[in-house]
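Student: Handing you this structure, nothing more for now.
The values are calculated or read from the model by the stated rules, or taken from the named source; none is laboratory data. Source: prediction; values computed, not measured. Don't worry about glycine lacking a Cβ; one is built from the backbone with ideal geometry, like all the others, and counts go over all protein chains shown. Protein only, heavy atoms only, side chains kept; ligands, DNA and RNA dropped before computing areas. Shrake-Rupley method; radii C 1.70, N 1.55, O 1.52, S 1.80 Å.
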Amino acid sequence: MHTYRIDLDKKVNLDDFDPAETRYAPGGKENAEQSLLQLNRQLEALQESLYAEHKHRVLVVLQGMDTSGKDGVIRRVFEGVNPQGVRVASFKVPTPVELDHDYLWRVHQQTPARGEIVIFNRSHYEDVLVVRVHSLVPEAVWKKRYEQINAFERLLTDEGTTILKFFLHIDPQEQKERLLERLEKPEKNWKFNAGDLKERALWKEYMKAYEDVLEKTSTPWAPWYVVPANKKWYRDLVISTLLVETLQNLEIRLPAPFSAQEIAEFRRQLSQEDRSG
Ligand code: AMP
Ligand code: MG
């Protein structure tokens, strides 16, 4: 799955990435769903150890166009994982108070604490994506942000945070189908936004902005992965695999168990309680 990882400063052309490919799942969807179940159990166990060890912090950044599956990844990949120790931070249009601060202010407040996994549903990258595409700040301002973001993420990783960034790559045809589905199902209407059509019309501009993000901010300490996301099951498989692998590499250690003497002593205290009670 490391072929999906982007190297810093290497030219990225998103047309070269097929959003519909499933090369690491030769067994197809059914096999992948089996693997996904297994990965899910591994993730559950790894998260519990991470929480118990209370040492590492893990940040997962999800970016992608509307309907690319950010919500779906959160629901599926983290299914069954203990909500204690996992947190989702969704970044919407900034509030007036947020706009009165620098763009990283609201982001830094949401970064993971020790033992915690935090999922960013959108992120500080919106400040070089939507902000750039809609010229919400002058070019001279957003152009500086790639370096600022790299330095910010460096600070986080230096202090013990592990960062994984996923770009959920779909094509405009797939988005069209997903938007139509939201219109066709009354219970999905709430997910449809008239504004999504305006953003959709700017697809090319967004891809250009994403290409720059991938080229300039896929650092060794906080790499980007371009996830083929036309097929939901494949998207989930790729992200689960990379996440489980990353957590395994942390070599999480549970706090040392009690010694035989300590256990004997605690047992003695408990049994004394019985006698006196
Ligand atoms: P959604 O993720 O569909 O709920 O929509 C959230 C909206 O907030 C998207 O249209 C984002 O582009 C927008 N958004 C997120 N961060 C920013 C930002 N820093 N500046 C402007 N718009 C933003
Ligand atoms: Mg939306």
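Student: Near the amide H of V88, under 5 Å away, which other amide H atoms are found, from residues 5 or more places off or on another chain, if H is placed in the peptide plane?
Tutor: HN-HN under 5 Å from V88: I119.
Student: So for the stretch 81-205, averaging the separation of alpha carbon pairs under 8 Å that are six or more residues apart and normalising by length, what relative contact order in percent results?
Tutor: 18
Student: Here is a follow-up. So which lysines can K92 reach, going by Cα to Cα under 21 Å and dropping same-chain residues fewer than 8 places off?
Tutor: Excluding near neighbours in sequence, the set is K70, K165, K188, K191, K198.
Student: Just the accessible area per residue of the stretch 123-277, please: how many Å² with a 1.4 Å probe?
Tutor: Here the per-residue accessible area is 54 Å².
Student: Give me the log10 of I(q) over I(0) for the stretch 65-187 at q = 0.14 Å⁻¹, as the Debye formula computes it from C-alpha points; what are the numbers?
Tutor: -0.77
Student: Provide the solvent-accessible area of Y51, counting protein heavy atoms only and rolling a 1.4 Å probe, rounded to the nearest 10 Å².
Tutor: 110
Student: Which angle from 0 to 90°, rounded to the nearest 10, does the C-alpha axis of helix 145-158 make with the longest principal axis of the chain?
Tutor: For helix 145-158, the angle is close to 10 degrees.
Student: For a quick check of your reading of the filter: which GluC sites (Glu not before Pro) in the stretch 65-116 sit in a DSSP loop and have no more than 14 other Cβ atoms within 10 Å?
Tutor: Of the GluC sites (Glu not before Pro), the ones in loops of the stretch 65-116 whose Cβ has at most 14 other Cβ atoms within 10 Å are E79.
Student: Can you show me the helix-derived [θ] at 222 nm for the chain, built from DSSP H runs with n ≥ 4 at -39,500 (n - 2.57) apiece and divided by the number of residues, rounded to the nearest 500.
Tutor: On the way: 12 runs with 136 residues, N = 277.
When only DSSP H runs of four or more count, the value is -15000 deg cm²/dmol.
Student: Another question about this same structure. With axes computed from alpha carbons, what is the tilt in degrees of helix 203-217 against the longest principal axis of the chain, rounded to the nearest 10 within 0 to 90?
Tutor: 50
Student: At each listed q (0.08, 0.09, 0.14 Å⁻¹), what is the log10 of I(q)/I(0) that the Debye formula gives for the chain modelled as equal alpha-carbon point scatterers?
Tutor: -0.39, -0.47, -1.05
Student: For H169, what accessible area in Å² do you get when you roll a 1.4 Å probe over the heavy atoms of the protein chains, rounding to the nearest 10?
Tutor: 10
Student: Carbon and sulfur together cover what percent of the accessible area of the chain at a 1.4 Å probe radius?
Tutor: Percent of accessible area from carbon and sulfur atoms in the chain: 51.
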